[in-house]
Amino acid sequence: MSRLTLSLVRPSSEEEWSKETADGYRKHAYRTFKLPIFLLVTTATFTCLVGMFIGATYLATPVSSDSCRRFGISTLSSCSTQDTHSHESALEQPHLIFPPSQELLSPQNGFKTFNTERFNGSATGISPYKRPPNHELELLWADYWPITAFSITAKQYHETNPQHQESGVQLHPGSEEPHYIGTFAAMHQMHCLYNLFKATNLEYYEEEKGELERNPGRWHEMVDHCVDILRQKIECDRDTSVITYNWVKHKRGPVANFNVERQCRPWQEMEDWAREHEVKKMPSKPEGVVEMDGFP
Ligand SMILES: *[C@@H]1O[C@H](CO)[C@@H](O)[C@H](O)[C@H]1NC(C)=O
């Protein structure tokens with residue numbers, strides 16, 4: 001719209017200058033060029049009317065990607081965010097569409113904060129999460145899952161498109177506003193990574209060592225589950241941050257530099273949300289609920 005008005009409205013000083021000049025010119029030309037002036041004025045009037053008609057049609061049409069395409073406007077900011085829920089335009093313009101997010105704290109839900117962080121990727125660097133395991137390291141890992149479960153509304157529950165909704169665990173079932181219990185995938189993923197850390201340090205983690213000896217099948221099931229969950233997580237994220245290379249003294253070939261910079265969602269934000277909605281006591285199973293035959 002600003003573009004349209006820009007071409008029609010001129011600064012007033014320039015307008016006044018044009019009027020004075022045009023007045024003098026018209027008096028002289030009227031006597032000399034009656035016909036050309038008539039034709040010029042008629043053509044100008046016609047062009048103006050056509051322009052106004054096109055402008056009015058554009059302004060009267062609600063801005064959608066369809067009308068943007070019709071008028072050949074692709075750079076107007078109001079054209080790019082429309083029709084995200086229209087299936088038809090989703091098929092036509094896949095580059096404009098973001099899929100609905102199943103995440104609870106997604107940018108679509110107003111959680112937009114990101115921190116710029118550089119990974120500590122050095123293979124030889126010191127990190128409190130590297131071995132040898134000790135009591136401090138145990139506490140650091142445990143900080144990643146400060147709660148077990150939290151409470152979500154029925155709306156939030158359904159927005160995540162969960163499986164087996166008929167046997168979903170409700171909080172206060174039968175109440176007017178039933179809530180459901182949930183936990184964050186990131187917290188479980190961290191716990192899985194910790195399990196793998198323990199699996200590679202069995203001399204410290206005697207309990208795990210005992211479990212492996214007692215029931216190797218179950219122990220491997222747990223380890224493989226964690227490897228497979230983290231594999232899918234990494235594939236799903238498809239992190240295209242670029243690892244660059246450096247020349248290093250005494251090294252013949254290029255050396256990869258894993259200290260990449262990234263935009264990270266702050267963990268604390270999620271942790272605060274989880275704590276605020278914590279369910280301290282897991283609900284016990286009521287009579288007559290729909291149960292699944294086996295593990296989901
Ligand atoms: C890297 O290590 C520094 C110092 O220990 C720490 O402050 C920073 O948060 C770490 N960065 C990441 C992405 O873990």
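The values are calculated or read from the model by the stated rules, or taken from the named source; none is laboratory data. Since we're looking at a predicted model, the values are computed, not measured. In this analysis, Cβ positions are derived from the backbone assuming ideal geometry, glycine residues included, and neighbour counts consider all displayed protein chains.
Things to note:
Matching residues to (1) part of a strand (DSSP E or B); (2) in contact with a Cys (Cβ under 9 Å, 6 or more places away or on another chain); (3) in contact (Cβ under 8 Å) with a residue 12 or more places away in the chain:
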residue: Ala123; (1), (2), (3): no, no, yes
residue: Arg131; (1), (2), (3): no, no, yes
residue: Glu138; (1), (2), (3): no, no, no
residue: Trp145; (1), (2), (3): no, no, yes
residue: Ser151; (1), (2), (3): yes, no, yes
residue: Tyr157; (1), (2), (3): no, no, yes
residue: Gly174; (1), (2), (3): no, no, no
residue: Ile181; (1), (2), (3): yes, no, yes
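- Filtering region 265-275 to residues that are in contact (Cβ under 8 Å) with a residue 12 or more places away in the chain and surrounded by fewer than 13 Cβ atoms within 10 Å (Cβ to Cβ) leaves only Arg275.
- Considering residues of region 162-172 that are part of a loop (DSSP other than H, G, I, E, B) and modelled with pLDDT of 95 or more only, the residue nearest to Pro100 (Cα to Cα): Pro162
- The residue of region 83-121 that is nearest to the ligand (Cβ to nearest atom), among those that are part of a helix (DSSP H, G or I) and at pLDDT 75 or above, is Pro107.
- Condition check for Ile126: of a type in the set (A, V, I, L, M, F, W, C), within 16 Å of the ligand (Cβ to nearest atom) and more than 23 Å from Val227 (Cβ to Cβ): yes
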